[in-house]
Each structure stands twice: as C-alpha cells, then as structure tokens.
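**Student:** The structure is given below, and queries will be raised subsequently.
Values quoted throughout were computed directly from the atomic coordinates according to the rules given, and no laboratory measurement underlies them. The model shown is predicted, which means the values in this text are computed figures rather than measured ones. So basically every Cβ, Gly included, is an ideal-geometry build from the backbone, and we count neighbours across all protein chains shown.
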Amino acid sequence: MKTIPFSKSELEHIASTFHTPFYIYDETAIRNNVRRLKNAFQWNPGFKEYFAVKSTPTPGILKLFKQEGCGAECASLTELMLAERCGFEGRDIMFTSNVTTVEEYQYASRLGAIINLDDAAHILILEACTGIPETICFRLNFGDQLKYGESVLIDFTNSKFGSAKPQLEAAYPAVRNLGAKHFGIHAQFGCHKRNPEFFGINARKVFAFAVELFEKTGIAIDFVNLAGGIGIPYHAEDEPADIEAISLQIKAAYDETIGKSTLPPVSLYTELGIFMTGPYGYFVSRVLHVKQAYKTFIGLDASTNSFMSPLRYNNYHHITIMGKESAEPVQHYEITGALCEDRDRFATDRLLPKITEGDLLVFHDAGAYGYSHGNNFNGRLRPAELLLQCNGDVSLIRRHETPDDYFSTMIF
Ligand SMILES: Cc1ncc(COP(=O)(O)O)c(C=O)c1O
C-alpha cells in the first residue's frame, strides 16, 4: 500500500495556494531516512553521506541534508556553485565529475572540495591548473561485468566512468610524489539495486584493492566512497532496500579485508541520490481533459517534460487519485501531457478508478531525478517545488517557471 502524507482537502488547499503542477517533498520522511542511514553505518566512525546534488538540486532540499550533517556530491560547475550557496564548503563537498574543465577543477579547488578524478591522466591537468591537493580521490572501474543469470546487466569495460585498476596502481604513487597526503577510492557499481549481497560483494572488491595498494606501496587509503545506486520500490508490493542489511554486508566485507590487514581504519562515504529523496517526493498534476478515442486519454496540466522518469527510464510510478484512494479500479487509461510527442505518457494502459476532469493525480516516488531531468520542449514550463515541513506548513522552495524565464536566453 502506497501512502501519502496529506489528505485530499489538504492537497486541494495546497493546490489552490500554489497551483498545479508541482513537486512536493516530505521533510519529516527525508530527515528520518538520513538518520536511519547514519544509524545503520554507526559501526564506521568516519561514515558520511554526500547527497547527490544532481538528483534533487534544490536549495530547500540541500539545506536539509546540510542540517543533518551530510555533505554534497557535485558533478559540474553550477552544482558546485549551488552547494556553495547552500553553505557547503571544504571537505563537505565531493567533486565527482567526468569530462571536467580546468575552470571546474579551479572552482572545486577554491572551495576546498575533495576532487575525485575520473581519469587518472588528469593528474597532469590538475597539477598544471591548481596543483595537486593534499586530499585526492580516484574513481575505480574494475572493468568487469555485472551479470544477472547469463545476461550481462552492466559491462564496465564499456562504461565511460572511472579508470582501470592498473592505471590507479600507478596514479596513487604519482600523486603522493606530487604532494598528496590523503587518499580516497571511489567506485559505483550500478544503480537501482536493493539486494544487500550486491553491495557486500562489490565493497569487498574495493576494500581488497585498498589493502593491496597499501601492501604494495605503503599508501594508506583514508576513505572509500561507495557512491550511490541503492534503489527504491516503485510498486506497492516491492520491498524497500533494507539499509541495515546492506550496511551489515558492507561491514562483513570490511572486517574480512581491511579489518584483517594493517591498514589503519578507513572511513566510508556514500553519495546516494534516489534512496535519499525518491520515495519522499510526489509529483502533483490536475486532470484537464478526458478524451475518448481508440483508448481513454487523460490529459493533465503537466507534460512529461516536467517529470521524465516514466518516459526516460520506463519507470512505473504509482498513481493516487485524490479522494479515490479506496475506489475500485474500473478502467484502463493513458495518462498523457500536452507535448507534440505521442510518447508523452506518464502511464500506459493503467488500470485505475474512474477519472474525471478536475481530479488531482499524485505520482509517487518522484522525489529524485524528477525536477532535475526536466526540460522546456514545446515551450512547456517547469513546475514549482514545495516542501511539506515537519510542522505541517507548506513552503515554496522553487517557483513555477514563467514565460520570461523561457525567453531569457533568447536573442531576438
Ligand atoms: C557519481 C555518482 N554518484 C552518485 C550518484 C547517485 O546515484 P543514485 O541516485 O542511484 O543513488 C550518481 C548517479 O548518477 C552518480 O553518477
């Protein structure tokens, strides 16, 4: 059973104040989830979550993570600027970029962010533009294959991210010779994974690499950044990721590798995105039209350019029709927007209770990669973002786009 943190009359009131479409995030649920994550990793005193800014790049959300003691993971110049403007600084910023410009390295360096090099060869670029920082991290790509049965889910030799193990075996001594004193390893193994063993198996590989590096070179890794990739349940019947079980698997891997070596204790970092906000954000839109043709088409006051996930990733997003939560599903619907694109569908062939014009539709699990993947196709403007605060008040954390915003970059 998917639940929502507001009643129909509360949501109608919110919609009359801020008008649809909008995203609304549940502050209490986000904060509780951060605390649960930190609690699960208590066994590692240096544990820190660097919230993946790309997933929900909104000050009203980033500030919650800052207040909860998290850092910010940034991947671009503007994400760095955003983190800075939200009060993150120094080692509270992880700069995990790829195809990085000199300007970006300089900005990250000025903020004192931890620079995580995707390409070991960028040591030379970094040395020339900022000098090698005291703390440096490299993104490791084992070049293996993630299999499900016989089929290959991810072929890391085909991934654009990270550097190969032999490249990093040479890179760490090279940066040490250039003055680096603190070292990190970053590795992301996949996305939308919920099976605890998956995280244990992969963490073991990174920890083993840290031990091997220490034994071969004397370089002691200070932190391992296991990045993101913990998935969320989209269907009501799916089990959520068991973060305590994931942490226990990672702990077992740590104890068997680093724990049995002479390597000093290593801090664990994560840069989770969807796990942190995905289930705690909702996309809300109102039904404009019900159109009968070969199928029944519901036309919303939002298009998928504002909420790309169903189209871009083919993700199922549960829909609640406000006031009809316990009504029987009676009809199959195509839930569409107004784009000149037939694929502009939030849901296809979805069995739902009877929908009428004016109904408020709530899409669940829209709290990450929702707003941030939006675009202006067809001149459709981006929606607002709201925060349902812990005290029950609702605040506007990003206003609706206006035609002036749309025209602001055009040269007539
Ligand atoms: C480098 C990096 N870190 C963290 C994340 C966050 O991943 P997720 O939202 O799956 O937790 C991503 C996702 O794109 C990523 O590319």
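**Student:** Only helical DSSP H runs with n ≥ 4 go in: add -39500 (n - 2.57) per run for the chain, normalise by residue count and round the 222 nm mean residue ellipticity to 500 deg cm²/dmol.
**Tutor:** Rounded to the nearest 500, it is -9000 deg cm²/dmol.
**Student:** Now, a different point. Between LYS205 and THR296, what FRET efficiency comes out of the Förster formula 1/(1 + (r/R0)^6) with R0 = 51 Å and r the beta carbon distance, rounded to 0.05?
**Tutor:** 0.50
**Student:** Now for a different question. Given springs between every Cα pair under 10 Å in a Gaussian network model of the chain, which of ILE132, ILE154, ILE185 has the largest fluctuation?
**Tutor:** ILE154
**Student:** Nearest 5 percent is fine: what portion of the DSSP beta bridges confined to the chain is antiparallel?
**Tutor:** That works out to approximately 45 percent antiparallel.
**Student:** State the answer as a single residue: which of ILE258, GLN145, PHE41 lies farthest towards the positive end of the charge dipole of the stretch 41-272, with beta carbon charges of +1 for Lys and Arg and -1 for Asp and Glu, about the Cα centre.
**Tutor:** ILE258
**Student:** Mind checking which lysines have their C-alpha under 26 Å from LYS66, skipping anything on the same chain fewer than 8 residues away?
**Tutor:** LYS38, LYS48, LYS54, LYS193, LYS251
**Student:** What is the set of long-range amide H partners of ARG194 at a cut-off below 5 Å, with H atoms built 1.01 Å from backbone N?
**Tutor:** It is GLY231, by chain and number.
**Student:** Please report the spacing between the Cα centers of the stretch 12-43 and the stretch 312-333 in Å, no decimals.
**Tutor:** 21 Å
**Student:** About the Cα centre, and with charges only on the beta carbon of Lys, Arg (+1) and Asp, Glu (-1), how big is the dipole of the stretch 41-272? Nearest 20 debye, please.
**Tutor:** My answer is approximately 380 debye.
**Student:** Scan the stretch 320-395 for trypsin sites (Lys or Arg not before Pro) in coil per DSSP, keeping those whose Cβ has at most 12 other Cβ atoms within 10 Å, and list them by number.
**Tutor:** ARG343
**Student:** Please figure out what share of the DSSP beta bridges in the stretch 41-272 is antiparallel and state it in percent, rounded to the nearest 5.
**Tutor:** Of those bridges, close to 10 percent are antiparallel.
**Student:** Considering every Cα-Cα pair within the chain, what fraction, in whole percent, is farther apart than 34 Å?
**Tutor:** The proportion of pairs with Cα distances above 34 Å equals 35 percent.
**Student:** Between ALA15, THR320, HIS186, whose Cα lies farthest towards the positive end of the dipole of the chain when Lys and Arg beta carbons carry +1 and Asp and Glu beta carbons carry -1, centred on the Cα centre?
**Tutor:** Projecting each Cα onto the dipole axis, the largest value belongs to HIS186.
**Student:** Here's something else I'd like to know. If the viscosity is 0.890 mPa s and the temperature 25 °C, what Stokes-Einstein diffusion coefficient in µm²/s follows for the stretch 1-148 when Rh is the Kirkwood radius over Cα pairs?
**Tutor:** This corresponds to a translational diffusion coefficient of 138 µm²/s.
**Student:** Would you kindly compute the Cα radius of gyration of the stretch 284-412 and its largest Cα-Cα separation (Dmax), both in Å?
**Tutor:** Just the Cα atoms of the stretch 284-412 yield Rg and Dmax of 15.5, 53 Å.
**Student:** Report relative contact order for the chain in percent, whole number only (criteria: Cα-Cα under 8 Å, sequence separation at least 6).
**Tutor:** With pairs under 8 Å counted, the relative contact order is 19 percent.
**Student:** A further question on this structure: For the stretch 122-204, which GluC sites (Glu not before Pro) are in a loop by DSSP, counting at most 14 other Cβ atoms within 10 Å?
**Tutor:** Taking the stretch 122-204 and a limit of 14 other Cβ atoms within 10 Å, the loop GluC sites (Glu not before Pro) found are GLU134, GLU150.
**Student:** Express in nm, to one decimal, how much length is gained between MET1 and PHE161 on full extension, taking 0.36 nm for each residue of separation and deducting their alpha carbon distance.
**Tutor:** Between MET1 and PHE161, full extension yields 53.9 nm more.
**Student:** At what distance in angstrom do the alpha carbon centres of the stretch 191-228 and the stretch 93-143 lie from each other?
**Tutor:** 20 Å
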